[in-house]
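Here's the structure we're looking at; comments come further down.
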Amino acid sequence: MAHELPPLPYDYGALEPYIDAETMRFHHDNHHAAYVKNLNAAVEKHSELQSMSPEDLLRNINDVPEDVRKTVRNNGGGHVNHTMFWQIMGPNGGGEPTGAIGDAIKQTFGSFDAFKEQFNKAAAGHFGSGWSWLVRTNDGQLQVTDTLNQDSPLMEGHYPIMGNDLWEHAYYLKYQNRKVEYFDAWFNVLNWDEINKRFEQAAA
């Protein structure tokens, strides 16, 4: 079955003033849509790939035929990363995490503020396009990390619980070169209920 662009779970302007409507529209309708289109074009060339979920394609990226591997890596990663991205944000978000993820963050990093500082430091220190992540590692630990381009932690055997898009198209219309402002503002739109669901999925 063809991969599909998921609709935004809220209006384009729902994350104002932290993320503007024009950025959301362009980011979702153009960039994410292009990843889905390119991924579909790649898997059409190999019938054995067509029944695999995009997550499984990434988990098994080294087994993807070489002629489409780079395309699947870039566009499958873009599709999976952005699908998560829209879900873990929402209107009336932000604040400190509650529930199991809140407890786990405090246990691992000492406090939410310490976690946020480490997460944003990873984002600010990342050179070029990519993502900053909170992942559950393959040995069950929480870890802050970052990846290049549209690479997914799934390719390393880790489960992405939350991640911020560091590509310029995610913030440049509003923040220009003030990307550190964007990193800080992004925490005001986080949907901790959805992040808790991903944390539960990671443990499963």
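The values are calculated or read from the model by the stated rules, or taken from the named source; none is laboratory data. If you're wondering where the values come from, they're calculated on a predicted model, not measured in any experiment. Because the Cβ atoms are built from the backbone with ideal geometry, glycine has one as well, and the counts that use them run over all protein chains shown.
Please work out if GLU16 is exposed (fewer than 14 other Cβ atoms within 10 Å of the Cβ) and charged (D, E, K, R). Criteria not met by GLU16. Keeping to region 1-47, report how many residues are of a type outside the set (Asp, Glu), part of a loop (DSSP other than H, G, I, E, B) and more than 18 Å from the chain's Cα centre (by Cα). Residues flagged as of a type outside the set (Asp, Glu), part of a loop (DSSP other than H, G, I, E, B) and more than 18 Å from the chain's Cα centre (by Cα) within region 1-47 amount to 5.
Out of all the residues in region 72-92, is one or more at pLDDT 95 or above, farther than 30 Å from PHE112 by Cα, crowded, with 17+ Cβ neighbours inside 10 Å and of a type in the set (S, T, N, Q)? Talk me through it step by step, then tell me what you get.
From region 72-92, those at pLDDT 95 or above are 72-91; that's our starting set.
Next cut, farther than 30 Å from PHE112 by Cα only: 72-76.
Subsequent filtering for residues that are crowded, with 17+ Cβ neighbours inside 10 Å retains 72-76.
Adding the requirement that they be of a type in the set (S, T, N, Q) leaves 74-75.
Checking region 72-92: at least one residue is at pLDDT 95 or above, farther than 30 Å from PHE112 by Cα, crowded, with 17+ Cβ neighbours inside 10 Å and of a type in the set (S, T, N, Q).
Across region 26-45, the qualifying residues are those that are in contact with a helix residue (DSSP H, G or I) (Cβ under 8 Å, 6 or more places away or on another chain) and loosely packed, with under 14 Cβ neighbours inside 10 Å, and the one among them that is nearest to TRP186 (Cα to Cα) is ALA41. Among the residues of region 14-65, which ones are touching a residue at least 12 places away in the same chain (Cβ under 8 Å), under 23 Å from HIS158 (Cα atoms) and of a type in the set (A, V, I, L, M, F, W, C)? Within region 14-65, VAL36, LEU39, LEU49, LEU57, LEU58, ILE61, VAL64 meet the criteria. Within region 176-190, residues that are under 16 Å from GLY130 (Cα atoms) have Cβ atoms under 6 Å from residues that are of a type in the set (Gly, Ala, Ser) and modelled with pLDDT of 95 or more in these pairs: VAL180/ALA124; PHE183/ALA123, counting only partners at least 6 apart in sequence or on another chain. Of the helices (runs of 4 or more DSSP H) lying entirely inside region 96-204, those containing at least 1 residues that are of a type in the set (Asp, Glu) and at pLDDT 95 or above span 99-109, 112-125, 179-186, 192-203.
Provide a single number: the residues in region 101-116 that are free of Cβ contacts under 8 Å to residues at least 40 places away in the same chain and surrounded by 13 or more Cβ atoms within 10 Å (Cβ to Cβ).
7
Of the residues screened, ALA122 is one that is of a type in the set (A, V, I, L, M, F, W, C), surrounded by 15 or more Cβ atoms within 10 Å (Cβ to Cβ) and over 30 Å from ALA2 (Cβ atoms). Taking the criterion of being out of contact with any Gly (no Cβ under 6 Å at 6 or more places or on another chain) and buried (at least 20 other Cβ atoms within 10 Å of the Cβ), the residues of region 147-158 that qualify are PRO153, LEU154, HIS158.
The residue that is nearest to TYR12 (Cα to Cα), counting only those in region 74-95 that are in contact with a strand residue (DSSP E or B) (Cβ under 9 Å, 6 or more places away or on another chain) and in a loop (DSSP other than H, G, I, E, B), is GLY90.
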